[in-house]
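Inspection log for the structure reproduced underneath, given as structure tokens.
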Amino acid sequence: MDPMATQCTVLALTDDAVMQTKAVFNLIREVGIDKLEQCEPQIITQATRLGQLPVESSSVDFTIAICKSSEFPGTSLFEEISRVVKPGGTIVIRKALLSLGEDTSKASSALERELLLAGFLEARNLPIKSGASCEGVQHFMVKATKPSWKLGSSFAIKKGTKSLGKVKILGDDDDLIDEDSLLTEEDLKKPQLPPGGDCEVGSTRKACKNCTCGRAEAEEKVEKLGVTLDQLNNPQSACGNCGLGDAFRCSTCPYKGLAPFKLGEKVSLSANFLAADI
């Protein structure tokens, strides 16, 4: 007998009332671990009724779960299996499809996700040599491994040394660039301010007596309308209809007589605004 085989511990779980030892060894042969065939497996039936497996923590090398129900094994049993399996140990689950038309890949992927969420690694589907068991029920099989580290293990993280960049210090002999030489003749020209008109805008915002810039004409148009310059430069409307035109304006609208405009944009008056209509 192989001394390694006698040291291996096999745990077989099922939600059924009975499980034959022959079924356990047949599953071991399908997985391809020959050394486990000489082990004496510990079989636990109706495992769903157990709140805790009667096995010591980290004492099992190989765990087999043959499922009769689709809900087996549940989340609590996955936690128990993770507790009793040794670090680096293996778990193999064989389940039956709910129907002959069910997709095997989808069912296998769902079981693989459950194993990953339970803390196992390298979950993958295994081919079954005998495609169907008795009564024509289709099965699939998934294998996973428990991480090789124990709960509470710690590892030292090596931090790489970060080298500082080299700083070059200029000496007296090094050539320096004159900053003034970088300026062009255009950069040295003094900026010319725009000339002011004869009626610059002041605190009163009124045109002068000899206005030639057109401000007096603009004020004359505003006086005819009965609105202020602020109302023309930034028109606002409480009712929202002032900018639509006279057809939508009320009788007291200050913009009555003006062409339609956009609220918030400066109202432009035509050149012949003061000209008589007839």
Report task. Express the carbon and sulfur contribution to the solvent-accessible surface of segment 67-124 as a percent, rounded to the nearest whole number, probe 1.4 angstrom. Result -> 52 percent
Query raised in the report: Accessible area of ILE66, 1.4 Å probe, to the nearest 10 Å²?
Result: 40 Å²
Query raised in the report: What accessible area per residue, rounded to a whole number of Å², is obtained for segment 56-108 using a probe radius of 1.4 Å?
Result: 45 Å²
Query - For ARG94, net neighbour charge (Lys/Arg +1, Asp/Glu -1) across residues whose Cβ lies under 11 Å away - result: +2
Report summary line: Count of lysine pairs, segment 49-143, Cα-Cα under 22 Å, sep. 8 or more residues or interchain, comes to 11
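What FRET efficiency, computed as 1/(1 + (r/R0)^6) with R0 = 30 Å and r the Cβ-Cβ distance, is obtained for LYS158 and SER76, rounded to the nearest 0.05?
Once the sixth-power term is evaluated, E becomes 0.20.
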Query - Linear extension gain, CYS239 paired with GLU265, 0.36 nm per residue minus alpha-carbon span - result: 7.7 nm
**Report entry** Net charge over other residues, Cβ less than 9 angstrom from the Cβ of THR48 (K, R count +1; D, E count -1)
**Finding:** -1
**Report entry** Accessible surface, 1.4 Å probe, highest first, among residues LYS262, LYS190, LYS146, LYS86
**Finding:** LYS190, LYS262, LYS86, LYS146
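The values are calculated or read from the model by the stated rules, or taken from the named source; none is laboratory data. Quick caveat: nothing in here was measured; it's all calculated off a predicted structure. Reconstructed Cβ throughout: ideal geometry from the backbone, glycine too, with neighbour counts over all protein chains shown. Calculation scope for accessible area: heavy atoms of the full protein, side chains included, ligands and nucleic acids excluded. Shrake-Rupley method; radii C 1.70, N 1.55, O 1.52, S 1.80 Å.
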